[in-house]
Amino acid sequence: MPRADFFKGEVDIGVGGKGKGKGKGTALADHSKYLDPRVLNRVARLNIRARTVMEGFVSGLHKSPYHGFSVEFAQHREYTPGDDLRFLDWKVYGRSDRLYIKQYEQETNLRAYIILDASESMDYASDNGTKFDYAATIAASLAHLVMEQQDSAGLVLFDRLISKFIHAQCSPQHLRVMVTEMEAQKTTEKTDLGHVLHDVAERIKHKSLVVLISDLLDKPETIISGLQHLKHGRHDVIVIHVLDEYEARFPFDRMTRFDGLEGYPYLIVDPKPLREAYLEEVRKFTNEIRRGCLAQRIDFVQVTTDQPVDVAISAYLARRLSKRRAK
Amino acid sequence: MGFLHGSLMWLGLAGSIPILIHLFNRQRYKRVRWAAMEWLLAALKKTRRRMQIENLILLLIRIAVLVLLAMALARPFLQSALASQIGESNTHAVIVLDVSYSMDYRGVDRGTPLEKARQIAQSILTDLKTTENDRFSLILLTDSPNAAIGEPSSRVDMGREIVGGATATDQGTSIPRTMELVKDALEKSNNFVKKVFIITDNQRHAWTVTEKDRPRVAELFKQVTDMTAPNGGGIYLYDVGGNVVDNIAVVGLEMGVSQKVVSTDNSCEFRTVIRNYGSMQMSDVVLNVLVDGAKQGSYTLTVPARNDLSQAFYHTFREPGAHAVTVEIEADALSHDNRRSLAVDVREALKVLMVNGEKGSTMQTDEVAALKMALNPSQDATDKRWVFSITEVLENGFAREDPRKFDLVVLANVETVSPEEIAALEEYVKAGGGVLIFLGDKVEAYTWNQVVWRNGDGLIPCELDKPAGYPKNDDAMKFTGVDYTHPALSYFQTAKPMLGRLLVSQYFAVKPFDPRPDAKVIASLGVAGADPAPLLLERRMGRGRVILCTTAPDFEWGLMPKVPGFLVLFDQICQYLASPPQRFRNITVGDQLEYTLKATEFAKTFSIVTPRQNRSSILPVKAGEHAYHLMFSGTTEAGLYGLERDPQEGETQPTLLTWYAVNVDPEEGFVEKMTEPELRTMYPQFRFTYVEQGTGSQPEKIAVKAPASNIWKYLVGIILGLLVLETWLAQVFGAKR
């Protein structure tokens, strides 16, 4: 994957969507190894060419993405003592002599929280850079897109515990802070994804778009339990399962010593006879997670590090859009 | 199960190659960091047992292929009844072919026993199925038997070549010695059936041993019987000898009894013995005498049946040095024993160094005067009638003389000798020299015991005590306990009265000692009222001899010089001591030739010329501090062997040092057979099948079955099957993966 030095120099990103300033992307790219200009460019152009893709990505989170910041009436409710008198509908009272409270739709910007796995297992790399780098690139790209729409994005970095919780905001500086934090993150600890998801569910009070980017190397039941907790908070949850190309295909063909990460011992085996059983294990795990997500109406996306990030993201966005339209 | 080429079984170690490859591959791994260990461990847990079983199956098949391949190359065979069930012929045949000279006996109407023996041996070799598991050993039977093919072999072509080229040697026969080799060959055999084929003319003497050796030989025969008895094996005695024993042989040739030294220009007596083994008197037997290859005369003899005839003849040598005398009779049925030779060392004179311990002015008072007179009555060193040339020195002049320049050293009543003088004398005796020691009133016993006796290690055989006897000659003592078989005294066997007139009045008593092979008493003095006192004692040291005379050769201690017997006695003793031992020059076929070099000759090169004029170089072998020997072991044929010194600078021809006469064992010429019942009585536990070939019966065949498949063929089939199975399984297992 492209590294930090890949972004040096003046690069015109030209992010579309809301038609914000061009120079913003350039300024961001100067500080990030995870904001791949080509990725952003392609995703952005995709947006320009198919605006609905981005629309689809955020639709359902904005009540009306085209109405701006207006306050809109929602319904009436009978007054109960303690209600703020400022919201009494005096016109109704005048016509019907009954006290009703006017309730308004709270029209806010989208809040997106990207939960990024920074455990030791994410440090694995075969030929295409580490999974963490790949996942961080996705995270930065999504955050960038969200902010381009004037929505706010937050970041949760975790391993065994939450190591960094950055509340959602919308500003170029904020994106820079997020990227800097991702770059500074050490990937040395074990994972406890279930516990972390519960913790995140407790911390995010408002309905948000929660994007979990992880290799999900934990017990499926604890992961699903954590996702259920998130879903219970009415969050829209997307799970992006990042696998290394080798983890997905297990292409080893001669005697190999596998040095386990996250405290696992090493293992010397002939991998060829193991391949079928290993891939079966991967399929079994993925299916279990996928079924859990489906039951919770959670989007599940599996990407491998050999896929270009833009292709992976745009493919998912296109799929999400088609689903929305079908509804 | 056994293996014909058992040494190839080490190839079975190749069976470890798959294991080594497996272990090697485990060491050559790629190292990766791995995150998804949970899935990997789960996969491993699920597949481990199946993988282990599959890998084990493949590994075992690969090991089995290599081990079976090694076994197939080693040619296995079964040592059980199963072998015969699958059609293997599995016999080890030990062929013993008699090549002693009696096998060359040529009868009137047929060939020699050896020709028939060769046919039988070839027939046995033809019957062998060496393409299967039959093997053979070939032993050539003589009194020095030789395992021509000792290890069990399948090389029938080589066996045929040896049998076809086998000729009668000049050696005798010893079946007990040969049976030792048979036993060794059987011990090396891995075959199921063991058979021994002894093809011989079955001479009586070949089976005969001394009563002392009989139990050991009987046990040996029993062991061979037990080794061959199981599984249909056995011992087959092919008697190829004839029933006629007519044979005349020259069985002896030696110098006359009194003739110990041959000197130039003196007539020398020789005596030969002709033996008629047959039952008929043989007339007109012509005996030819050859000296140095030139015929000197012939005698026509009549030799009585089953008897010996002794014939004397004389020859005068004109030149000193090595000469050879040969006698031969005309050819008869067995030619090997018709000729006999004798190597003779002709001396111009025997040089004697006399050390006079008591010089006197008259014959009566001088210690050695009488002795000198006895050895050379003319007192003239150039008088060739007398063989002894005497150099006399006084006691104090002895140290200046080099004993090696003399054939004999005489010490007469010498008071003391120094350790240096004795050391030089001992070296001289070990190299073949002779020493005659007379004691007397001057002898200092203590010094002699310390320097010369040295607790039995020195020149004299016993410890000296003190002078004894009677002061007056009237009470003189006579000889007694004379060993007439001793060469120095054998002359008196027929002239005992002459010795009986020798009188001794005083002698030097010696302390009692136990006779040893190298130290014994050969004559004593009869002492009134006491045990005989040792008078003449012999001590052998190295290749030389010492005779100690406990009295003096003068008139003070007796009257010996007064009678003619004195002259004869000491002439015989001195000839005996001064003559080189003829037994080293006249030996039997198979014995070793030996020659002691002079100290100045060790750096030269030497050759042996055999009777067939083949020349072999021999190198000196160190035998002591200043002693070198030449040795030659290849005396396989009878005749004269010449030892020559190779030409030195300025010489064109080699120099003949001496002859060696190598003669056949005369016993072998007696071709009378041992009958089967006698043999079974003599060795009751020796079980054999007797096959008389002299009567024309057919040789017994080795029982072999028709050729069938061999084990190695089955193994190759199994290997091919395993290879197919391995390939198929590898594909099946691989497909699963």
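Considering every residue within segment B:172-194, establish whether at least one is on the phi < 0 side of the Ramachandran plot, in contact (Cβ under 8 Å) with a residue 60 or more places away in the chain, open to solvent by 20 Å² or more (accessible area, probe 1.4 Å) and part of a helix (DSSP H, G or I).
Within segment B:172-194, none of the residues are on the phi < 0 side of the Ramachandran plot, in contact (Cβ under 8 Å) with a residue 60 or more places away in the chain, open to solvent by 20 Å² or more (accessible area, probe 1.4 Å) and part of a helix (DSSP H, G or I).
Within the bounds of segment B:488-502, is there any residue that is more than 24 Å from B:Trp448 (Cβ to Cβ), aromatic (Phe, Trp, Tyr) and buried (at least 16 other Cβ atoms within 10 Å of the Cβ)?
yes
Can you tell me which residue is most open to solvent (accessible area, probe 1.4 Å) among those in segment B:27-40 that are in a helix (DSSP H, G or I) and facing chain A (nearest Cβ under 7 Å)? Show your work before the answer.
The initial filter retains those residues of segment B:27-40 that are in a helix (DSSP H, G or I), namely B:27, B:37-40.
From what is left, the residues that are facing chain A (nearest Cβ under 7 Å) are B:37-40.
Working: B:Met37: 1, B:Glu38: 93, B:Trp39: 12, B:Leu40: 0 Å².
For segment B:27-40, the residue satisfying everything is B:Glu38.
Please find, among A:Tyr134, A:Tyr93, A:Tyr113, the residue that is within 14 Å of chain B (Cβ to nearest Cβ) and either surrounded by fewer than 19 Cβ atoms within 10 Å (Cβ to Cβ) or modelled with pLDDT of 85 or more (or both).
One residue alone meets the criteria, A:Tyr134.
So, in segment A:213-225, how many residues would count as being under 17 Å from A:Ser121 (Cβ atoms) and more than 10 Å from chain B (Cβ to nearest Cβ)?
Applying the first criterion (under 17 Å from A:Ser121 (Cβ atoms)) to segment A:213-225 yields A:213-220, A:222-223.
Filter once more, so that each one left must be more than 10 Å from chain B (Cβ to nearest Cβ): A:213-214, A:216, A:220, A:222-223.
Qualifying residue count, segment A:213-225: 6.
When you check B:Glu358 against the structure, is it open to solvent by 50 Å² or more (accessible area, probe 1.4 Å) and out of contact with any helix residue (DSSP H, G or I) (no Cβ under 7 Å at 6 or more places or on another chain), yes or no?
Numbers: open to solvent by 50 Å² or more (accessible area, probe 1.4 Å): no; out of contact with any helix residue (DSSP H, G or I) (no Cβ under 7 Å at 6 or more places or on another chain): yes.
No.
Would you say A:Ala143 is under 20 Å from A:Lys205 (Cα atoms) and assigned to a helix (DSSP H, G or I)? Quick ask: steps written out before the conclusion?
Numbers: under 20 Å from A:Lys205 (Cα atoms): yes; assigned to a helix (DSSP H, G or I): yes.
Judged against the criteria, A:Ala143 is a match.
Do we find that A:Tyr264 is closer than 30 Å to A:Ala140 by Cβ, of a type in the set (Phe, Trp, Tyr) and within 14 Å of another protein chain (Cβ to nearest Cβ) in this structure?
On the way: closer than 30 Å to A:Ala140 by Cβ: yes; of a type in the set (Phe, Trp, Tyr): yes; within 14 Å of another protein chain (Cβ to nearest Cβ): yes.
Yes: the conditions hold for A:Tyr264.
Surrounded by fewer than 18 Cβ atoms within 10 Å (Cβ to Cβ), out of contact with any helix residue (DSSP H, G or I) (no Cβ under 7 Å at 6 or more places or on another chain) and away from chain B (no Cβ under 14 Å): which single residue out of A:His206, A:His174 fits that description? Talk me through it step by step, then tell me what you get.
On the way: A:His174 fails: surrounded by fewer than 18 Cβ atoms within 10 Å (Cβ to Cβ).
Answer to the selection: A:His206.
Please indicate, with yes or no, whether at least one residue in segment A:125-140 is among the basic types (Lys, Arg) and within 17 Å of the chain's Cα centre (by Cα). So that I can check it myself, show each step before the final result.
Here is the first cut: in segment A:125-140, the residues among the basic types (Lys, Arg) are A:131.
Next, only the ones that are within 17 Å of the chain's Cα centre (by Cα) stay: A:131.
So far as segment A:125-140 goes, yes, one or more of its residues are among the basic types (Lys, Arg) and within 17 Å of the chain's Cα centre (by Cα).
Could you tell me which of the residues A:Arg257, A:Arg320, A:Arg275, A:Arg297 is touching a residue at least 12 places away in the same chain (Cβ under 8 Å) and within 12 Å of another protein chain (Cβ to nearest Cβ)? Before the answer, list the steps.
Working: A:Arg257 fails: touching a residue at least 12 places away in the same chain (Cβ under 8 Å); A:Arg320 fails: within 12 Å of another protein chain (Cβ to nearest Cβ); A:Arg297 fails: within 12 Å of another protein chain (Cβ to nearest Cβ).
When all the criteria are applied, what remains is A:Arg275.
So, in segment B:247-280, exactly how many residues are within 30 Å of B:Leu334 (Cα to Cα), touching a residue at least 40 places away in the same chain (Cβ under 8 Å) and polar (S, T, N, Q)?
2
With the requirement that a residue be open to solvent by less than 20 Å² (accessible area, probe 1.4 Å) and more than 18 Å from B:Glu392 (Cα to Cα), what does segment B:427-439 give you? Before you say what the answer is, go through the steps one by one.
Filtering segment B:427-439 down to residues open to solvent by less than 20 Å² (accessible area, probe 1.4 Å) leaves B:428-429, B:433-439.
If the condition is that a residue be open to solvent by less than 20 Å² (accessible area, probe 1.4 Å) and more than 18 Å from B:Glu392 (Cα to Cα), then B:Tyr428, B:Val429 are the ones that fit.
Would you check if there is a residue in segment B:8-20 being open to solvent by 70 Å² or more (accessible area, probe 1.4 Å), within 14 Å of chain A (Cβ to nearest Cβ) and without any contact (Cβ under 8 Å) to a residue 12 or more places away in the chain?
Looking for residues that are open to solvent by 70 Å² or more (accessible area, probe 1.4 Å), within 14 Å of chain A (Cβ to nearest Cβ) and without any contact (Cβ under 8 Å) to a residue 12 or more places away in the chain, one finds none in segment B:8-20, hence no.
From B:Gly469, B:Gly456, grab the single residue that is open to solvent by 30 Å² or more (accessible area, probe 1.4 Å) and in contact (Cβ under 8 Å) with a residue 12 or more places away in the chain. Before you say what the answer is, go through the steps one by one.
Values: B:Gly456 fails: open to solvent by 30 Å² or more (accessible area, probe 1.4 Å).
On inspection, the qualifying residue turns out to be B:Gly469.
Kindly indicate whether any position in segment B:369-378 is surrounded by 22 or more Cβ atoms within 10 Å (Cβ to Cβ), part of a loop (DSSP other than H, G, I, E, B) and either in the same structural domain as B:Ile573 (by TED's automatic domain parsing) or at pLDDT 90 or above (or both).
The answer is no, given that none of the residues of segment B:369-378 is surrounded by 22 or more Cβ atoms within 10 Å (Cβ to Cβ), part of a loop (DSSP other than H, G, I, E, B) and either in the same structural domain as B:Ile573 (by TED's automatic domain parsing) or at pLDDT 90 or above (or both).
Exactly one of (1) under 29 Å from the mean Cα position of the chain (by Cα); (2) loosely packed, with under 14 Cβ neighbours inside 10 Å; (3) aliphatic (A, V, I, L, M) is unmet by B:Ile522. Its number?
(2)
Residues being within 13 Å of B:Arg271 (Cβ to Cβ) and open to solvent by 50 Å² or more (accessible area, probe 1.4 Å): count how many of those fall in segment B:293-345.
4
Tell me, please, whether a residue that is within 23 Å of A:Ser314 (Cβ to Cβ), assigned by TED's automatic domain parsing to the domain that holds A:Gly263 and over 17 Å from the mean Cα position of the chain (by Cα) can be found in segment A:146-161.
Taking every residue of segment A:146-161 in turn, none turns out to be within 23 Å of A:Ser314 (Cβ to Cβ), assigned by TED's automatic domain parsing to the domain that holds A:Gly263 and over 17 Å from the mean Cα position of the chain (by Cα).
Looking at segment A:215-327, what strands (runs of 3 or more DSSP E) fall wholly within it and have at least 3 residues that are open to solvent by less than 70 Å² (accessible area, probe 1.4 Å) and within 21 Å of A:Val156 (Cβ to Cβ)?
It comes to A:236-243, A:299-304.
Regarding segment B:376-384, can at least one residue be identified that is under 41 Å from the mean Cα position of the chain (by Cα) and in contact (Cβ under 8 Å) with a residue 12 or more places away in the chain? It would help to see each step written out before you state the result.
Looking only at segment B:376-384, we keep the residues that are under 41 Å from the mean Cα position of the chain (by Cα), and these are B:376, B:384.
Among the residues that remain, those that are also in contact (Cβ under 8 Å) with a residue 12 or more places away in the chain are: B:376, B:384.
Yes.
Within segment B:43-53, track down each residue that is surrounded by fewer than 18 Cβ atoms within 10 Å (Cβ to Cβ) and either under 12 Å from A:Pro265 (Cβ atoms) or facing chain A (nearest Cβ under 7 Å) (or both). Steps first, please.
Step one: list which residues in segment B:43-53 are surrounded by fewer than 18 Cβ atoms within 10 Å (Cβ to Cβ), which gives B:45-46, B:48-50, B:52-53.
Within segment B:43-53, B:Lys46 is the sole residue that qualifies.
The values are calculated or read from the model by the stated rules, or taken from the named source; none is laboratory data. Keep in mind it's a predicted model, so treat the numbers as computed, not measured. Neighbour counts run over all protein chains shown; Cβ positions are idealised from the backbone, glycine included. The accessibility values were calculated without ligands, DNA or RNA, using every heavy atom of the protein model including side chains. Shrake-Rupley method; radii C 1.70, N 1.55, O 1.52, S 1.80 Å.
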